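Participant: One structure, pasted below without further comment.
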Amino acid sequence: MGKIHKIAVPRVIDKTLLTAYGWSAEVPSVRFEFKKTLKLAKFPLVKIPAGCLLRLGASAPGKKLGYSGKAAPATGIEARPPRNFAELKRVNRLAHRAYLKEWGTKVGGFFLTAAKKYETKYLPKTRSLIMLRKGKPVALYSLLKYAEKGRTTDIVTWHCPFVRLSPAEVRSVWYQASSWMDSASKGRLVVGLDHFDKASVKFFAGLGFKVDRIRIVRM
């Protein structure tokens, strides 16, 4: 997993920072924990070397989310829990395939390995919400409960649309997803975000999530 360094929030995340903490070529990843949390909306400038992936660890108190985007119009986006695990697995695979199609060159082969383990070990334990347009799934949101240092925490294990939507439809999805996460969460919410996924970063920034750790991985 790589060494963990506890640092103040840097002004820039770049090669100079990585060199200063001795990230050697034979080590696949390096992790930094911030001494103070940082609003996701104010994340510093990123200039990491090509061939590296930046992952953000962010969190927010459960039951206190508030979607800060524009009002969500009636766009025909409907939301409901999966009817059964077979449907959830099918929609989860649709979401993963779409993510790989768009971001495959950035996330690398480890995504496939992680996705297979997630489907068999963790997906059956999730609480999930499927978004549909004209009866066809367009987005998936999933929460996985786990105990963290004596308190209940929910990991947001999937969190984005996987087909092209209009801006109004995206706002509707985000509004419904944030309302559902607020009511379904059992405690603190945590999420792992790929820095290049600007739409997801914008969504969670709008919900008040704060970053407390990052991980940089060589692809």
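Participant: Please state the Cα pair-distance histogram of the range 152-214 with 5 angstrom bins from zero: what percent is in each bin?
Facilitator: In order of increasing distance, the bins hold 4, 15, 29, 28, 16, 7, 2, 0 percent.
Participant: Can I ask one more? Can you give the translational diffusion coefficient of the chain in µm²/s, computed by Stokes-Einstein from the Kirkwood radius over Cα pairs at 10 °C and 1.306 mPa s?
Facilitator: After rounding, the answer is 87 µm²/s.
Participant: Counting only pairs 8 or more places apart or on different chains, how many lysine pairs in the range 77-186 have C-alpha atoms closer than 17 Å?
Facilitator: Counting lysine pairs in the range 77-186 gives 14.
Participant: Straight-line reach from LYS198: which aspartates and glutamates have Cα under 14 Å away, leaving out those fewer than 8 places along the same chain?
Facilitator: Straight-distance partners of LYS198: GLU102.
Participant: Charges only on Cβ, +1 for Lys and Arg, -1 for Asp and Glu: so what's the dipole of the range 4-55 about the Cα centre, in debye to the nearest 20?
Facilitator: For this selection, approximately 340 debye.
Participant: Here's something else I'd like to know. What list of ³J(HN,Hα) values in whole Hz, one per residue of the range 170-187 in order, does the Karplus curve 6.51 cos²θ - 1.76 cosθ + 1.60 (θ = phi - 60°) give from phi, with Gly and Pro shown as x?
Facilitator: 4, 4, 5, 4, 4, 5, 5, 5, 5, 5, 5, 4, 4, 7, 8, 5, 9, x
Participant: Dipole magnitude of the range 80-139 about its Cα centre, charges +1 at Lys/Arg Cβ and -1 at Asp/Glu Cβ only, in debye to the nearest 20?
Facilitator: 180
Participant: Student exercise: in the range 29-86, how many lysine pairs 8 or more apart or on different chains have Cα atoms under 28 Å apart?
Facilitator: 13
Participant: Placing +1 at every Lys and Arg Cβ and -1 at every Asp and Glu Cβ, with all other atoms neutral, what dipole size does the range 77-186 have around its Cα centre, in debye to the nearest 20?
Facilitator: With only Lys, Arg, Asp and Glu charged at Cβ, the dipole is about 320 debye.
Participant: Follow-up question, since we're still on this one. Translational diffusion coefficient of the range 77-186 at 25 °C, 0.890 mPa s, Stokes-Einstein with Kirkwood Rh over Cα pairs, in µm²/s as a whole number.
Facilitator: Value of D from the Cα-based Kirkwood radius: 168 µm²/s.
Participant: Another one. Along the charge dipole of the range 4-55, which of THR19, ALA41, ILE7 sits closest to the positive end, that is, farthest toward it, with unit charges on the beta carbon of Lys, Arg, Asp and Glu (+1, +1, -1, -1)?
Facilitator: Positive-most Cα among the choices belongs to ALA41.
Participant: Using the 10 angstrom Cβ neighbour count as an exposure proxy, how do GLU119, GLU169, GLU148 rank, fewest first?
Facilitator: Final ranking by Cβ density, sparse to dense: GLU148, GLU119, GLU169.
Participant: Report ³J(HN,Hα) in whole Hz for each residue of the range 151-160, in order, from the Karplus equation J = 6.51 cos²θ - 1.76 cosθ + 1.60 where θ = phi - 60°; Gly and Pro get x.
Facilitator: For the range 151-160, the Karplus curve yields 10, 7, 10, 10, 8, 7, 7, 8, 7, 7 Hz.
Participant: Taking just the alpha carbons, could you work out the radius of gyration and Dmax for the range 4-55, both in angstroms?
Facilitator: Gyration radius and largest Cα-Cα distance of the range 4-55: 11.2, 33 Å.
Participant: What order, most packed first, do the peptides 21-28, 123-130 have when packing is the mean number of other Cβ atoms within 10 Å of each residue?
Facilitator: Averaged packing, sorted descending, gives the order 123-130, 21-28.
A short reminder: the numbers here are calculations on the coordinates, not readings from a lab. Note that the structure is a prediction, hence the values are computed from the model and not measured. Cβ: placed from backbone, ideal geometry, glycine included. Neighbour counts: every protein chain shown.
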